[in-house]
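The values are calculated or read from the model by the stated rules, or taken from the named source; none is laboratory data. Since this is a predicted model, take the numbers as computed values, not measurements. Reconstructed Cβ throughout: ideal geometry from the backbone, glycine too, with neighbour counts over all protein chains shown. Accessible surface is based on the protein model in full, side chains and every heavy atom, while ligands, DNA and RNA are left aside. Shrake-Rupley method; radii C 1.70, N 1.55, O 1.52, S 1.80 Å.
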Amino acid sequence: MAIKRIEVSSPDYTAAHVTMLTVHSSHLNGRHDISVYHHCDNNDDITNLPMIILLHGVYGSHWAWMQLGGAHKVYDQLKSEGLSDFVLVMPSDGGLWDGSGYLPHVEQGNFEAWITDDVINAVRDNISNVNEQSHIYISGLSMGGYGALRLGAKYPRLFSGISAHSSVTSLDDLQQFIDGDINQYQTAFTHESDLSYWFAVNKHQIPPLRFDCGVDDSLFKSNQLLTKQFDDLKITYQFEAFDGGHEWAYWHKHVAKTFTFFDQLEKQKVKNLITK
């Protein structure tokens, strides 16, 4: 399926280093938005820049990571200290209910393919510093953490690294944040929403993985249980527990962990290419 059409913001009127995309999604049959933050500002001499997809949580949209979490400010600070160039890609989850879960719903639309197909191709086609050779990393918070973990595990060859913050780890976790019946999130495939299923199916291909959670978060025990599941599957991962709860102050602080983790992976990839 192809994207039907895209509206792209003008750099003359948009905040510095920001491009806004409105995409008529082929998978959702509707218009949805992406915020892109990139320092190279379409300098055609710079290519193959890696992208970091940042997935938001329930109630939010494409602007949440910047306007509530200040992710771009954290990135700028780290970049001044030597962080590599990345393109930050912050899509809407598709606007379903309190949150789509980034799942392929039976009737409402394929919110998974919106991310793995439409969003990636929209950025490749409209940000000249990104192309088919660009590495793709995925991260998110809360429901977005769940999306990052599930999509990273289901499509391990698409992503070069996974990082998640304060993650929902199951539909039962998600229920505490939404008003509707969690049964609405059931998909055509019985195991679709099950993180452990996808990690088990692709356990030998999982990209480098890290995640964290605040000790005061209602999801902390679920995240601890997830580490046990990974241990049982013999999946390599990094898990960190920090002070804090399920809140933007926590995510603003610890998104730096995501950026530095992906930076280490990207620099190692470049080093490997040079030494070949």
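Quick look at the values:
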item: Surface accessible to a 1.4 Å probe, per residue, for the residues of the chain, Å²; result: 45
item: Loop GluC sites (Glu not before Pro), segment 80-127 (other Cβ atoms within 10 Å of the site Cβ: 14 or fewer; DSSP); result: 81, 107
item: Within the accessible area of segment 23-103 (1.4 Å probe), percent carbon and sulfur; result: 42
item: Reach of residue 79 by Cα under 17 Å, taken over lysines that are not fewer than 8 positions away in the same chain; result: 253, 257, 267
item: The chain: antiparallel DSSP beta bridges as a percent of all, rounded to 5; result: 45
item: Of all accessible heavy-atom area on segment 127-276, the percent that carbon and sulfur account for (1.4 Å); result: 50
item: DSSP-defined antiparallel bridges as percent of all bridges, segment 1-126, nearest 5; result: 85
item: Potential extension, residue 248-residue 200 segment - 0.36 nm per residue separation minus Cα distance; result: 14.1 nm
item: Relative contact order computed over segment 1-118 (Cα-Cα under 8 Å; 6+ residues apart), in percent; result: 27
item: Segment 155-198: chymotrypsin sites (Phe, Trp or Tyr not before Pro) falling in loop per DSSP and having at most 15 other Cβ within 10 Å; result: 189
item: Of (1) 34, 23, 14; (2) 33, 20, 17; (3) 26, 22, 18, the label for semi-axes √(5λ) of the Cα gyration tensor in Å derived from the coordinates; result: (3)
item: DSSP H segments from the chain that extend 15 Å or more along their own axis, Cα-based, with Kyte-Doolittle mean of -1.0 or above; result: 143-154, 220-233, 248-275
item: Residue-level accessible surface for residue 17, protein heavy atoms, 1.4 Å, Å²; result: 50
